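I'd like to ask you about the structure that follows.
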Amino acid sequence: MKVSYKWLQKYFDEPLPSVEELSDAITFHAFEIDGVEDINGDQVLDVKVLPDRSHDCLSHRGIAKEIAVILDRKLSSDPLQLKPILEPITDTVVISIENPELCNRYIAGVMKGVKVGPSPEWLKERLEAIGQRSINNIVDATNFVMFNSGQPLHAFDASKIKEENGKRSIRVRYAREGEKMIALDQKEYALTETMLVISDHLKDEAIGIAGVKGGVPASITQETTDIIIESANFNGASVRRTSASLKLRTDASVRYENVISPDLALYGMGSVVDMIQNLAGGEIVGFVDEYPKPQATLHVGASASDVNRICGTSITDADMEAILKRFNFETIKEGDRYSIEVPFERLDLRITEDLVADISRIYGYDLIPSVPPPQLPTLPEVNKRFYYIDRIRGWLTANGFSEVYTSVFTVAGKRAVLNKVASDTPYLRCDIWPSLQEALEMNFKNRDLLGLEDTRLFEIGTVWGDKGEQILLAVGTFGNKNTPMGSEFLSGLIKEFDLNVPSDIPKTPIIQIDLDSLIAHAPDPLSYQDLPTLGDVRYKPFSRQPFAVRDVAFWAPEESDALSIQEAIKKEAGEYCISVRLFDRFQKEDRISLAYRLVFQAMDRTLTEEDINGAMEKVYLYLKAQGFEIR
Amino acid sequence: MNESGQGHLHPISSLIREINQIFFRMGFAFAEGPLLESEKYNFDLLNVPKDHPARDMQDTFFIENEPGFVLRTHTSPVQVRYMEGHKPPIRIICPGKAFRNEATDITHEAEFFQLEGLMVDEGVHLGHLKGVLEQFFNELFKGQVDVRFRPSFFPFVEPGVEVDMRISGEHVPAKLRDRWIEIMGAGEVHPDVIRNAGLDPKKFQGFAFGMGIDRLALLRYGIDDIRHFHSADLRFINQF
């Protein structure tokens, strides 16, 4: 949520610390700050309000309150302190709620004789700092109060709502199938039976999508003089579903989605009516408050020993009391337990652990000591499956196999996932071998680059086949006539670990087998083997450009050192030669024949024939200079 | 087959091997659970309410014609599964795959690896969490690692914390050295979760944490793109 530093300052008599200091204080005691932006001489903090505090902290008051607690300061004024009295009661508007479970409360405030006009500069500045456009004094007042206290508000033009016998009627109800409404964004929305609307009951016309957006039929214009202000409480899940299916997310819907206290509606109404009177004049006709089931007052308790038990801290009663006082909680001490009256807006405070979280974050998580876990009398259980997986990995890599992971998502299978992003592979795989085959072929193309004669791969992964979820081991090879079959290695590892041999292992290049049946009769391990792990290996980005291969063969005196010749060739071949490998060597009389394979590749482009031929020329020149006879 | 005759272990496997070695020495067992998980274990028993946004289709993979099942969105269901079958003292890690329905880029994958940790007994507190994590990071990054907590929220813990770490030491790559890095979410297991698993929250308590193994691997080996892990490309794997 965007929070204006200047706006926050209005909550404190003393100047706030610098925005940097303030950001740190909030970060370590309440919420992460995603960034700070300079906007027209104000500084705007992007506060990442946590989900459990989105009931009370999607507001400047909420953040100011946190700051007051963290910095141990008093709020100079608190819009949630003094309970407004909504008087007089009016019968000029009748409120009815068709589904009270989706609308806990609906307050209508009726005013007449207001003068719609531009907002004063200070108000425009506040709203613009947090990315809101100023509309007019009435709409701006409702927005200001929402961003200040967290209560969404809406103003209707009363004259556009049908009157009969001196009464207007507002009904909160489900939309009808096929019902449509043009909202204030001038778009027409097709409503469905699961969406809650505010309707002009006498006209039976939707004038707002409950908790989401107001409608054009009763919108405020320059000519408006009489208004009905809505301060209500709608069910979070219902607003979320409506806003999601209409793809219409608003500052109001976000607040309702996160669930706010129905008590807040009263304070919102009190503030907005005061503000409208100040900005636009007019007089109050009266209020209607439909609130069938008022929110109960709750108490939550915790002792210093609860905090210490959960956090490992050593706070005292005095620390506890000081922190509770900073929160300004109504507190009673019962034995060593502090019982607090939960402020109505703090819908997150329900159990001891919630209060412990509040106390400890204010106390400071940096004061939590680091405690090593106590030694246990026995060693932990050894996971048999992981033990064998790990050893199989060790054996296969020692036998020239590299391990791959391929995606569990594929183009065909027995189970499909719904709604997958990039949906060309919506199925869960039943086998590993097809993707292993693909990987073998793909890597075989790079064999010269990789310095391999053939490719040997394995994967241990989950599949979902006839037997449900299952882990398979797949082993495969791909190469030339000398390349052994993957199945030979499966037989090898069965022998190595004395595993249960499935009746017959077919001789195939790729083979996959159910891992659990493979190890079912293997002995239970008593401890893990500490197999080697990677040391300080650092990854180097590799080129994705095509590579080129050149061979060179020549006669050299028998005493020649093949390795130093290899190094010399690499040096002569220049920067694009990424590898030189001796691939053939034989002796005839007093000479040896050496054959090297050179691989060329650039990081950033495809090499040209000229690049490669030029490099090879240098290699030939060098070899000739050594007196070697090129073959 | 190359001249040396040695193949290469996938870096994630190597990391999991190392993680298991470190935690085994601290008394943690290696636990597992299904990837195709019921909503009950993936959400309900972890205190995630029915109408929680995380349960929306855009974040979670649901399975066609199998209502009530999802590809697990985190490794946390293993917490409850393990507690149901074991008595405290409980110390487990669960390194394994998890899934999120999101577009992939250099730091996001629809399938990724997570490391879950859980320690439950009488009197296990956030100080133990700090102690265990410091030891783990010290051994994994082979340097002096500091750990700090910031307030956070996850439905299955209270208090919830975000964990940052800072590695110092001369051999540490400059990109990592002396910088605070956000590394995981953690907290004290919510009493409802302890109760859901059949234990008495008045008697038993403890911590849980969850971190991305992919991200650990990126940091540990200086890898630039999370998508390498499922590429099956030996130009990547054979570097390790």
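The values are calculated or read from the model by the stated rules, or taken from the named source; none is laboratory data. The structure displayed is predicted, hence computed values, not measured ones. We place every Cβ from the backbone using ideal geometry, glycine too, and count neighbours over all the protein chains shown. SASA here: full protein model, heavy atoms, side chains in, ligands and nucleic acids out. Shrake-Rupley method; radii C 1.70, N 1.55, O 1.52, S 1.80 Å.
Using alpha carbons only, how many degrees (0 to 90, rounded to 10) separate the axis of helix A:433-445 from the longest principal axis of chain A?
Helix A:433-445 sits roughly 60 degrees off the main axis of chain A.
Residue A:293: which aspartates and glutamates have alpha carbons under 12 Å from its alpha carbon, excluding same-chain residues fewer than 8 sequence positions away?
A:101, A:263
Just how far, in whole angstrom, is segment B:180-209 from segment A:323-342 if you go by their alpha carbon centroids?
Cα centroid to Cα centroid, the span is 25 Å.
Once Rh for chain B is found with the Kirkwood sum over Cα pairs, what is the Stokes-Einstein diffusion coefficient at 20 °C and 1.002 mPa s, in µm²/s?
It comes out at roughly 114 µm²/s.
Which value, in Å² and to the nearest 10, is the accessible area of residue A:122 when all protein chains are kept and the probe is 1.4 Å?
120 Å²
A follow-up question, please. Ignoring ligands, DNA and RNA, please state the percent of accessible area on segment A:35-192 from carbon and sulfur, probe 1.4 Å.
Looking at segment A:35-192 in its full context, I get 49 percent from C and S.
Further question: Can you give me the C-alpha center-to-center distance between segment A:407-464 and segment A:152-229, rounded to a whole angstrom?
Between the Cα centres of segment A:407-464 and segment A:152-229 lies a distance of 55 Å.
Then there is this: Within segment A:537-598, list the GluC sites (Glu not before Pro) lying in a DSSP loop whose Cβ has at most 15 other Cβ atoms in a 10 Å radius.
A:558, A:559, A:575, A:589
HN-Hα J couplings of segment A:156-161 from phi, Karplus 6.51/-1.76/1.60, θ = phi - 60°, integer Hz, Gly and Pro as x?
9, 7, 4, 5, 8, 9
Any idea of the total accessible area buried by the B-A contact, 1.4 Å probe, rounded to 100 Å²?
Using a 1.4 Å probe on protein heavy atoms, the buried area is about 8400 Å².
Would you rank A:603, A:181 by solvent-accessible area, highest first, keeping every protein chain in place and using a 1.4 Å probe?
Putting A:603, A:181 in descending order of accessible area: A:603, A:181.
Taking the alpha-carbon distance from residue A:180 and a cut-off under 13 Å, which aspartates and glutamates remain once sequence neighbours fewer than 8 residues away in the same chain are dropped?
Straight-distance partners of residue A:180: A:188, A:193, A:204, A:205.
At 1.4 Å probe size, with every protein chain present, just tell me what the per residue accessible area of chain A comes to in Å².
Result: 46 Å² of accessible area for each residue.
Let me ask something additional. Per residue of B:27-34, count partner chain C-beta atoms within 10 Å of its C-beta, then hand back the mean as an integer.
5
Okay, next question. My understanding is that a pair violates if its Cα-Cα distance is over 29 Å; which of A:247/B:50; A:507/A:588; A:48/B:50; A:115/A:213 do that in this structure?
Result: A:507/A:588 exceed 29 Å.
Still on this structure, I have one more. What average count of beta carbons from other chains do you get within 10 Å of the Cβ of residues in A:381-388?
Partner-chain Cβ atoms within 10 Å, mean over residues of A:381-388: 4.
Roughly speaking, what % of Cα-Cα pairs in segment A:548-630 are separated by over 16 Å, rounded to a whole number?
48 percent
Provide a list, ordered by number, of residues in segment A:352-373 showing at least 40 Å² less accessible area with every protein chain present than when their chain is taken on its own, using a 1.4 Å probe.
For segment A:352-373, once contacts with the other chains are taken into account, A:353, A:365, A:368, A:370, A:371, A:373 lose 40 Å² or more.
Another question, then. Can you tell me what share of the DSSP beta bridges in chain A is antiparallel? A percent to the nearest 5 is fine.
Bridges in chain A are about 90 percent antiparallel.
Enter the mean number of other protein chain beta carbons within 10 Å of the beta carbon of each residue in B:143-155, as an integer.
What the average comes to for B:143-155 is 5.
With a 1.4 Å probe and all protein chains kept in place, how much accessible area does residue A:521 have, in Å² rounded to the nearest 10?
Estimated to the nearest 10 Å², residue A:521 gives 140 Å².
Additional query: Once the Cα atoms of the protein assembly as shown are picked out, what are the Rg and Dmax in Å?
Spelled out, the Cα radius of gyration and Dmax of the protein assembly as shown are 33.6, 122 Å.
If one puts a single equal scatterer on every Cα of segment A:2-71 and applies the Debye formula without solvent, what log₁₀ I(q)/I(0) results at q = 0.28 Å⁻¹?
Each listed q corresponds, in turn, to -1.58.
How much accessible surface does residue B:134 have with a 1.4 Å probe, in Å² rounded to 10?
40 Å²
Sticking with this one: So which trypsin sites (Lys or Arg not before Pro) in segment B:181-233 end up in coil per DSSP with only 11 or fewer other C-beta atoms within 10 Å?
Answer by residue number: B:202, B:203.
Could you tell me which trypsin sites (Lys or Arg not before Pro) in segment A:397-505 are loop residues by DSSP with no more than 12 other beta carbons within 10 angstrom of their beta carbon?
A:467, A:481
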